[in-house]
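What follows is a short report on a single structure.
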Amino acid sequence: MGNFLAGKVVAVTGAGRGIGRAVALAAAAAGARVVVNDYGVSIGGGEPTSEIASAVVKEIVAAGGEAVAVADDISTMAGGQRLVDVALAEYGRIDGVVCVAGILRERMLFNMSEEEWDQVVATHLKGTFTVFRAASAVMRKQGAGTLIGFTSGNHQGSVAQANYSAAKGGIISLVRSAALGLNKYGVTANAVAPVARTRMSANVPMELKEIGEPEDVAALVVYLLSDRAREERITGQVYTIAGPKIAVWAQPRELRAGYAEGGWSPEKIADFLPGTVGVDPMPMLARLEEIARAAASGDRPNV
């Protein structure tokens with residue numbers, strides 16, 4: 001075991017497979033005691049099983065680390081609270097939470113059902129909130145802690161994943177709100193937008209030129225959980241990691257503004273807005289034609 005996270009207690013949701021599993025293993029390898037959470041469902045749904053989380057715990061213990069499994073559904077308040085309660089009961093504190101758990105329900109917006117919307121938003125966005133809420137109450141009293149949410153480049157928008165994109169955009173706003181609200185208590189909050197080979201990325205209808213492995217993502221997460229990141233005052237940030245590339249996303253800000261004397265009318269806006277305030281080009285729109293051609297031919301375009 002290493003010592004980059006020595007003495008820390010970290011809880012990871014969605015830790016049974018893919019990126020979540022890699023994060024749990026890496027945190028343990030860096031010296032953390034880990035609460036491994038996975039509800040055990042497939043990306044398309046299904047009955048939960050605790051064996052998935054327990055298998056990761058066995059890996060950690062076999063390597064000389066300490067870990068405990070929690071199979072609760074973190075899309076419920078009780079599930080998020082239990083994750084933190086188990087950490088406190090087993091190890092006496094909680095220093096970091098990493099919310100990786102997620103599912104997909106792909107559908108065009110005009111065909112999406114209420115259930116498909118609710119399930120995705122509940123798992124991604126509410127599941128991040130329930131864990132952040134329970135953990136932040138403890139971290140505030142400790143005077144230290146780290147919250148990490150998982151977002152996606154799809155927060156920019158998606159053709160057939162409006163539910164997923166909305167949830168991922170919400171996680172970014174939740175992370176920034178947590179960073180602002182908890183800063184005075186010594187608690188940091190950041191988001192990671194990974195591009196890695198997982199069950200979910202296998203369904204992306206294009207070949208990604210920049211893509212890495214779950215272990216690449218885990219390395220970034222371990223750093224963000226560490227005292228080194230706290231010393232650099234890294235909070236309220238969104239980072240992408242894709243193989244050898246690490247990038248930081250811009251903070252929301254006004255791009256251009258215009259002013260009118262005497263107030264606005266629709267006619268005045270029609271004359272003024274296009275040429276003065278204008279638009280901010282949407283990069284995803286430029287990809288639609290290529291994606292549509294690929295869908296028609298059965299190929300996966302490079303983007």
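The values are calculated or read from the model by the stated rules, or taken from the named source; none is laboratory data. Source: prediction; values computed, not measured. Using ideal geometry, Cβ is built from the backbone for each residue, glycine included, and neighbour counts are taken over all protein chains shown. These area figures cover heavy atoms from the full protein model, side chains too; ligands, DNA and RNA do not enter into them. Shrake-Rupley method; radii C 1.70, N 1.55, O 1.52, S 1.80 Å.
Within the stretch 150-164, is even one residue under 11 Å from the mean Cα position of the chain (by Cα), modelled with pLDDT of 95 or more and either within 16 Å of LEU83 (Cβ to Cβ) or of a type in the set (Asp, Glu) (or both)?
yes
Please go through the stretch 74-99 and give me each residue that is touching a residue at least 40 places away in the same chain (Cβ under 8 Å), open to solvent by 70 Å² or more (accessible area, probe 1.4 Å) and among the hydrophobic types (A, V, I, L, M, F, W, C), ordered by number.
The answer is MET77, and nothing else.
Any idea which residue in the stretch 31-56 is modelled with the lowest pLDDT, counting only those that are of a type in the set (A, V, I, L, M) and buried (at least 24 other Cβ atoms within 10 Å of the Cβ)?
If we filter the stretch 31-56 for residues that are of a type in the set (A, V, I, L, M), which is where we start, we get 32, 34-36, 41, 43, 52-53, 55-56.
Then keep just the ones that are buried (at least 24 other Cβ atoms within 10 Å of the Cβ); that gives 32, 34-36, 53, 56.
Working: ALA32: 98, VAL34: 98, VAL35: 98, VAL36: 97, ALA53: 94, VAL56: 97.
Result: ALA53.
Do any residues in the stretch 131-143 that are under 10 Å from ALA178 (Cβ atoms) have Cβ atoms under 8 Å from those of residues that are of a type in the set (Ser, Thr, Tyr) and modelled with pLDDT under 95, where the two are at least six apart or on different chains, and which pairs are they?
Partner pairs satisfying both residue conditions: none exist.
Looking at the stretch 165-176, which of its residues are of a type in the set (A, V, I, L, M) and within 11 Å of the chain's Cα centre (by Cα)?
ALA167, ILE171, ILE172, LEU174, VAL175
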